[in-house]
Amino acid sequence: MIARRWHGVVPKVKAEAYRQLMLEVAIPDYRSVPGNCGAWCLHRDDGDVVHFEMLTFWDDLAAIEVFAGAPVDMAKYYDFDADFLLEKDPLVLHIEVSEAK
(Lines give C-alpha, C1' and ligand atoms only; values in the text may rest on other atoms or scores of the structure.)
Protein backbone atom coordinates (compact mmCIF):
# COMPACT_ATOMS: atom_id res chain seq x y z
CA MET A 1 0.00 0.00 0.00
CA ILE A 2 1.15 3.55 -0.70
CA ALA A 3 0.21 6.70 1.20
CA ARG A 4 0.06 9.92 -0.84
CA ARG A 5 0.32 13.26 0.98
CA TRP A 6 -0.42 16.63 -0.55
CA HIS A 7 -0.01 19.93 1.34
CA GLY A 8 -1.45 23.37 0.66
CA VAL A 9 -1.86 26.65 2.54
CA VAL A 10 -5.01 28.79 2.45
CA PRO A 11 -5.76 32.18 4.04
CA LYS A 12 -7.75 31.61 7.23
CA VAL A 13 -10.68 33.69 5.94
CA LYS A 14 -11.10 31.22 3.04
CA ALA A 15 -10.36 28.03 4.96
CA GLU A 16 -13.91 26.88 5.73
CA ALA A 17 -15.04 27.30 2.12
CA TYR A 18 -11.96 25.40 0.95
CA ARG A 19 -12.53 22.61 3.47
CA GLN A 20 -16.08 22.19 2.20
CA LEU A 21 -14.85 21.91 -1.41
CA MET A 22 -12.31 19.31 -0.40
CA LEU A 23 -15.03 17.29 1.34
CA GLU A 24 -17.61 17.68 -1.44
CA VAL A 25 -15.37 17.50 -4.54
CA ALA A 26 -11.87 16.18 -3.83
CA ILE A 27 -12.61 13.33 -1.44
CA PRO A 28 -15.34 11.81 -3.62
CA ASP A 29 -12.98 12.15 -6.61
CA TYR A 30 -10.19 10.30 -4.79
CA ARG A 31 -12.54 7.60 -3.53
CA SER A 32 -14.07 7.02 -6.97
CA VAL A 33 -10.80 5.67 -8.37
CA PRO A 34 -10.33 1.89 -8.28
CA GLY A 35 -7.39 1.13 -6.02
CA ASN A 36 -8.07 3.99 -3.61
CA CYS A 37 -8.18 2.65 -0.06
CA GLY A 38 -9.29 5.85 1.67
CA ALA A 39 -9.00 9.63 1.65
CA TRP A 40 -8.92 12.18 4.46
CA CYS A 41 -8.74 15.97 4.63
CA LEU A 42 -6.53 17.18 7.48
CA HIS A 43 -6.25 20.85 8.47
CA ARG A 44 -4.37 22.91 11.03
CA ASP A 45 -4.72 26.59 11.95
CA ASP A 46 -1.48 28.56 11.92
CA GLY A 47 -2.12 32.24 12.59
CA ASP A 48 -3.59 33.88 9.50
CA VAL A 49 -3.39 30.71 7.40
CA VAL A 50 -4.65 27.14 7.53
CA HIS A 51 -2.52 24.20 6.38
CA PHE A 52 -4.40 21.49 4.53
CA GLU A 53 -3.13 17.99 3.93
CA MET A 54 -4.86 15.41 1.80
CA LEU A 55 -3.86 11.97 3.01
CA THR A 56 -4.85 9.15 0.71
CA PHE A 57 -4.02 5.46 0.56
CA TRP A 58 -3.64 3.43 -2.62
CA ASP A 59 -3.11 -0.17 -3.65
CA ASP A 60 -0.15 0.75 -5.87
CA LEU A 61 1.40 3.40 -8.13
CA ALA A 62 -0.75 2.25 -11.06
CA ALA A 63 -3.89 3.28 -9.15
CA ILE A 64 -2.32 6.65 -8.32
CA GLU A 65 -1.51 7.16 -12.00
CA VAL A 66 -5.18 6.62 -12.90
CA PHE A 67 -6.06 9.38 -10.43
CA ALA A 68 -3.23 11.88 -10.97
CA GLY A 69 -1.67 11.02 -14.31
CA ALA A 70 2.02 10.63 -14.98
CA PRO A 71 4.40 11.30 -13.45
CA VAL A 72 2.64 10.25 -10.25
CA ASP A 73 4.76 12.60 -8.10
CA MET A 74 3.04 15.62 -9.65
CA ALA A 75 0.23 17.21 -7.64
CA LYS A 76 -3.28 17.18 -9.04
CA TYR A 77 -5.12 20.48 -8.71
CA TYR A 78 -8.79 21.33 -9.13
CA ASP A 79 -10.17 24.37 -10.95
CA PHE A 80 -11.10 26.04 -7.65
CA ASP A 81 -7.61 25.72 -6.11
CA ALA A 82 -6.32 28.92 -7.71
CA ASP A 83 -8.95 30.92 -5.79
CA PHE A 84 -7.76 29.61 -2.43
CA LEU A 85 -4.17 28.40 -2.32
CA LEU A 86 -1.34 30.84 -1.58
CA GLU A 87 0.97 28.77 -3.80
CA LYS A 88 0.86 25.49 -5.67
CA ASP A 89 3.57 23.02 -4.81
CA PRO A 90 4.08 20.90 -7.92
CA LEU A 91 4.98 17.72 -6.01
CA VAL A 92 3.37 15.32 -3.54
CA LEU A 93 4.96 12.81 -1.19
CA HIS A 94 4.50 9.04 -1.51
CA ILE A 95 5.26 6.76 1.43
CA GLU A 96 5.25 2.96 1.54
CA VAL A 97 2.85 1.62 4.17
CA SER A 98 3.79 -1.47 6.16
CA GLU A 99 1.19 -3.51 8.03
CA ALA A 100 1.71 -6.08 10.73
CA LYS A 101 0.19 -9.41 9.77
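For the chain, give the magnitude of the charge dipole about the Cα centre (Cβ charges: +1 Lys/Arg, -1 Asp/Glu; no others), in debye to the nearest 20.
Using Cβ point charges on Lys, Arg, Asp and Glu, the chain gives about 160 debye.
May I ask for the net charge around VAL72, where only other residues with Cβ less than 12 Å from the Cβ of VAL72 are counted and Lys, Arg are +1 while Asp, Glu are -1?
Values: positive: ARG4, LYS76; negative: ASP60, GLU65, ASP73.
Net charge around VAL72: -1.
Among residues other than ALA3 whose Cβ falls under 13 Å from its Cβ, what is the net charge (Lys/Arg +1, Asp/Glu -1)?
-3
Taking a cut-off of 16 Å, what percent of all Cα-Cα pairs in the chain are separated by more than that?
It works out to 55 percent of all Cα pairs.
Using a 10 Å cut-off on Cβ atoms, rank the peptides 28-40, 46-58 from the highest mean neighbour count down.
46-58, 28-40
Per 0.36 nm of contour for each residue apart, how much would the distance between ARG31 and LYS101 grow if the chain were fully extended, relative to their Cα-Cα spacing?
22.7 nm
Solvent-accessible area per residue for the chain at a 1.4 Å probe radius, Å²?
So the chain comes to 59 Å² accessible per residue, rounded to a whole number.
The values are calculated or read from the model by the stated rules, or taken from the named source; none is laboratory data. None of the values given here were measured: they were computed from a predicted structure. Positions of Cβ are backbone-derived with ideal geometry, glycine not excepted, and every protein chain shown enters the neighbour counts. What goes into the accessible areas is simple: the full protein's heavy atoms, side chains included, and nothing from ligands, DNA or RNA. Shrake-Rupley method; radii C 1.70, N 1.55, O 1.52, S 1.80 Å.
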